[in-house]
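Values in this text are rule-based calculations from the coordinates and carry no lab data. Every value quoted in this text rests on a predicted model; they were computed, and no experiment measured them. Neighbour counts run over all protein chains shown; Cβ positions are idealised from the backbone, glycine included.
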There are 2 protein chains.
Amino acid sequence: MYDRLKGFRDFYPDEMGARREVFDTLEAVARQYGFREVGTPALERTQMYVDKSGEEIVDELYAFEDKGGRAVSLTPELTPTVARMVVAKGQELSKPIKWFSTRPFWRYEQVQQGRFREFYQTNVDIFGSSDPRADAEILAYAADALTALGLTGDDFEFRVSHRDILGGLVRELADDPAAVDTRAAIRAVDKRAKVERAEYLGLLVDAGLDESIAREFDDLIADGNLDAIAAVGDEEVAAAVENLQDVLAAVEDFGAREYCELSLTTARGLDYYTGVVFECFDSTGDVSRAVFGGGRYDDLIESFGGQPTPAVGVAPGHAPLQLLCERAGVWPEEAPSTDYYVLQVGDTETEAAQITRELRVLGHVVETDVAGRSFGAQLEYADGINAETVVIVGEQDLADDAVTIKDMKSGDQTQVSLDDFPPESGRPTYEDYE
Amino acid sequence: MYDRLKGFRDFYPDEMGARREVFDTLEAVARQYGFREVGTPALERTQMYVDKSGEEIVDELYAFEDKGGRAVSLTPELTPTVARMVVAKGQELSKPIKWFSTRPFWRYEQVQQGRFREFYQTNVDIFGSSDPRADAEILAYAADALTALGLTGDDFEFRVSHRDILGGLVRELADDPAAVDTRAAIRAVDKRAKVERAEYLGLLVDAGLDESIAREFDDLIADGNLDAIAAVGDEEVAAAVENLQDVLAAVEDFGAREYCELSLTTARGLDYYTGVVFECFDSTGDVSRAVFGGGRYDDLIESFGGQPTPAVGVAPGHAPLQLLCERAGVWPEEAPSTDYYVLQVGDTETEAAQITRELRVLGHVVETDVAGRSFGAQLEYADGINAETVVIVGEQDLADDAVTIKDMKSGDQTQVSLDDFPPESGRPTYEDYE
């Protein structure tokens, strides 16, 4: 007996059915927004990740040398791949480019609740627009997708922030702006809720702020008073404040403002974010970490050798989303459903197969015996797959030019003429014949 | 600029849309047959493939050592993984088990037409039934899936064979059955149409048959006269002939006999097949290799440490299937479709966003400007995404409490009152208002 690798999961049909329902919803809403599906490779050159995130990223990758001597990695995220694809087509693609896809990614990291080495995301991105409505459309998409899953404004909130406000404030407040590591300061903000306060302030000091300045900075972002921040900051900060306000106004136009709250203590951990960033949280706090996040990454395409191409996106991860849906009681039921089971008993194989076929042609989910099992075993199987109706095809039934229709909930059954069943259309149940 | 790895593909939206339509069809038909979706890991222990196929298989795998020192491989096929999953649950799963899934697999092999290092398959399997109806259901599923794609009996044929007929004949005809390598002989049959006749006969001789016996064997399987074969063979061959006839009779019951032809020169290359095997071919021969194949593998689960569990399955590969569909002219159109583009011009952002939202709530595919582009640029974009209807939201329109509805095919347009648009239901076009 072989064992599954740690951090990888097998999804049996009940759980997979629920997950599929969730993927389908995330994708159906993306399609309504005019996002188009793309398909992407599972392997890329390791260099692409090293250039973007530094040599230390390799420790977290499934990185290896292929048989042609190439240094390759299982993709840990989609963004570099789609950036590569945008660059490869150059000016051929008309802007804005709106793409989505659902697929697994891989990271060699510690396995914990809701975090695996193989994990699934639905990535949704817009390339080629710096307009606030692009950020707003991503936020509105995410809100629509979650409400389509049955979640409400009481279940989740998007904490919306802006990297240029954080970065601009840091540089404005610092005694020596040239000595400040803005990215390190933003990474410190991302750690704010995850570490002790002293450690957090220490990280800001490590980034080049005096401790008193660090405290002043933290007070400003914790208060989140945009007017006060614009007053303290320079033109860059003022522009970022205006951009953030424009995004929230456009989110209002798209009907999703109620799900968003201003939260300048939100920063996102990845260095490539540039403007508006946001994280989705469980409003009740039961799911303590961010469920997923997104934001703007205006510089990435250019850094990959493409034309300057602003970009914004979001990537709901399915495992944390499952935790939120389960907490909120909207995770889909994990059980199969089946319209008909055609129960074949006696020398009736041909007729049972034909009835099965006719019901499938009508578009229904239909199973029949393919194992030569007894009446009782078939009935038990039909019960296990939650068959709504069992169609019993027995020798006596056929002698009467009929079949027996059995309702699996009540156990009631009745004989129905082959003139009336299978029907020419529709999906009749016992009640239609009783 | 980074390059994509050789043998891997990026699917941009037009091609991906067509592929998605094909996946959806293969999966929808599987669901109608009561197959349930499973989700499976991309990585498994390399040992699983070595035990099944020998040490030389590693040359074809993306095999490497992970950071925990495990020898792992990107999965080259689904069968070992689902066998592992069946074994892991033991008696918990009620039989027959009917599973499907669509996903990529990886093999480090020469790249050629219709063959890639990353390739996609929809796997459909039944575990726990040795009944001929299980084989027949797999064949009927495959036929239904192909006809649902628009293919007809003139486009494809399933060449159906039986490994126990081939193996039994080899042992029966050989002077010294103990000296014959049955698997090697079956692999020789699999090569019959791919190599010169002399080489093929040489392979049979290498497998332990005298050359005259090899010729006699080949005449028997080429003629495919089941009565003659049953007369020559032993009980095992007679039983296999009967099983094959029962499968074809059950396929007839399921309405798929017309797509099947007896072809004992079909063998399938993989060693784990045990009973009925089949390959799908392009009837015109334009696609020269087998499009896909399937068959019985009754011993695999037991060899993985499970209870004896007969199994049968099929796995259409998407790239060869695309070649067949393109040859037959039924590959889906590679172009986006969009119900509405809401064109925003002047100071009408809020109203345009609200109209967009209302149309999306109705379930339509709707795009609007998220890039602050000109009237002309928006119209060009709407044309590029094949928008059926453009809804122009201009300041003058709004002053009239109206929008302008433009038919993108004819270019005709008319003003429609906001009382009538967006509608409460339906998807009205220009013609509904002209």
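Summary of values
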quantity: Convex hull of chain B built on C-alpha atoms - directionally averaged projected area, nm²; calculated: 27.7 nm²
quantity: Gyration tensor verdict on region A:290-329 (Cα atoms; rounded if a/c is under 1.5, prolate if a/b is larger than b/c, oblate otherwise); calculated: prolate
quantity: Cα-Cα pairs of region B:225-365 separated by more than 21 Å (percent); calculated: 65 percent
quantity: Kirkwood hydrodynamic radius of region B:145-190, from inverse mean 1/r over distinct Cα pairs, in Å; calculated: 12.9 Å
quantity: Options B:TYR381, B:VAL345, B:GLY426, ranked by Cα towards positive dipole end of region B:338-432, top entry (Cβ charges); calculated: B:TYR381
quantity: Debye-sum result for region B:87-232 in log10 I(q)/I(0), which assumes one identical scatterer on each alpha carbon, at q = 0.17 Å⁻¹; calculated: -1.17
quantity: Counted charge near A:ARG115, where neighbours are those whose Cβ lies closer than 10 Å (Asp, Glu -1; Lys, Arg +1); calculated: +2
quantity: Relative contact order (%) - region A:338-432, alpha-carbon pairs under 8 angstrom, separation at least six; calculated: 30 percent
quantity: 5 angstrom amide H check on B:ALA402, placed H, neighbours 5+ away; calculated: B:LEU418
quantity: Stokes-Einstein translational diffusion, the protein assembly as shown - Kirkwood Rh over all Cα pairs, 0.692 mPa s, 37 °C, in µm²/s; calculated: 109 µm²/s
quantity: Two-decimal Rg/Rh across region A:150-235, once Rg and the Kirkwood Rh are taken from alpha-carbon atoms; calculated: 1.03
quantity: Helical contribution to [θ] at 222 nm, DSSP H n ≥ 4, -39,500 (n - 2.57), averaged over chain A, rounded to 500; calculated: -12000 deg cm²/dmol
quantity: Point-charge dipole on Cβ atoms (K/R +1, D/E -1) for region A:338-432, about Cα centre, debye to 20; calculated: 360 debye
quantity: Label distances, nm, A:ALA198 versus same residue in remaining copies, Cβ-directed 7 Å point; calculated: 8.7
quantity: Cα-based helix-to-principal-axis angle, B:211-223 vs chain B, degrees rounded to 10; calculated: 40 degrees
quantity: Loop sites in region A:126-213: GluC sites (Glu not before Pro), DSSP, at most 12 other Cβ within 10 Å; calculated: A:GLU196
quantity: Phi-based couplings in Hz for region A:143-160 (Karplus 6.51, -1.76, 1.60; Gly and Pro marked x); calculated: 5, 5, 5, 5, 5, 5, 7, x, 6, 10, x, 7, 8, 9, 9, 9, 8, 9
quantity: Relative contact order of chain B, pairs being alpha-carbon contacts under 8 Å that are 6 or more residues apart, as %; calculated: 15 percent
quantity: Cα centre as origin, Lys/Arg/Asp/Glu Cβ charges: chain A dipole, Debye; calculated: 1520 debye
quantity: Overall form of region B:382-427 per C-alpha gyration tensor (a/c, 1.5; a/b vs b/c); calculated: oblate
quantity: Global geometry of region B:1-60, whether rounded, prolate or oblate, following the gyration tensor of its Cα atoms and the 1.5 cut on a/c; calculated: oblate
quantity: Amide H contacts under 5 Å for B:GLU334, placed H, 5+ residues apart; calculated: none
quantity: Cα-centred dipole magnitude for the protein assembly as shown, charges only on beta-carbon of K, R (+1) and D, E (-1), debye, nearest 20; calculated: 2620 debye
quantity: ³J(HN,Hα) computed for each position of region A:271-276 - Karplus, 6.51 cos²θ - 1.76 cosθ + 1.60, integer Hz, glycine/proline x; calculated: 5, 7, 5, 10, x, 5
quantity: Separation between Cα centres of region B:350-416 and region A:188-205, rounded to whole Å; calculated: 47 Å
quantity: Proxy reagent accessibility, fewest Cβ within 10 Å first, across A:TYR2, A:TYR273; calculated: A:TYR2, A:TYR273
quantity: Exposure proxy ranking, count of Cβ atoms within 10 Å, fewest first, for B:SER303, B:SER263; calculated: B:SER303, B:SER263
quantity: With eigenvalues of the C-alpha gyration tensor scaled by 5 and rooted, region A:315-434, Å; calculated: 33, 15, 14
quantity: Cut-off 11 Å between beta-carbons: net charge of the residues surrounding B:ALA382, Lys and Arg +1, Asp and Glu -1; calculated: -3
quantity: Under 26 Å, Cα to Cα: Lys pairs in chain A, sequence gap 8 or more or different chains; calculated: 9
quantity: Modelled FRET efficiency - R0 41 Å, A:LYS194 with A:MET1, Cβ distances, 0.05 increments; calculated: 0.55
quantity: DSSP beta bridge pairing in chain A, given as percent antiparallel to the nearest 5; calculated: 75 percent
quantity: Degrees between helix A:13-32 axis and first principal axis of chain A (Cα, 0 to 90, nearest 10); calculated: 60 degrees
quantity: Using alpha-carbon coordinates, inclination of helix A:375-384 to the longest axis of chain A, degrees; calculated: 20 degrees
quantity: Region B:153-187 and region B:56-75: distance between their alpha carbon centers, rounded to Å; calculated: 32 Å
quantity: Other-chain or far-sequence residues with amide H under 5 Å of A:LEU262's (modelled H); calculated: A:VAL160
quantity: Likely footprinting exposure, A:SER53, B:SER288, fewest C-beta neighbours within 10 Å first; calculated: B:SER288, A:SER53
quantity: Shielding by other protein chains, A:86-98, mean Cβ within 10 Å; calculated: 3
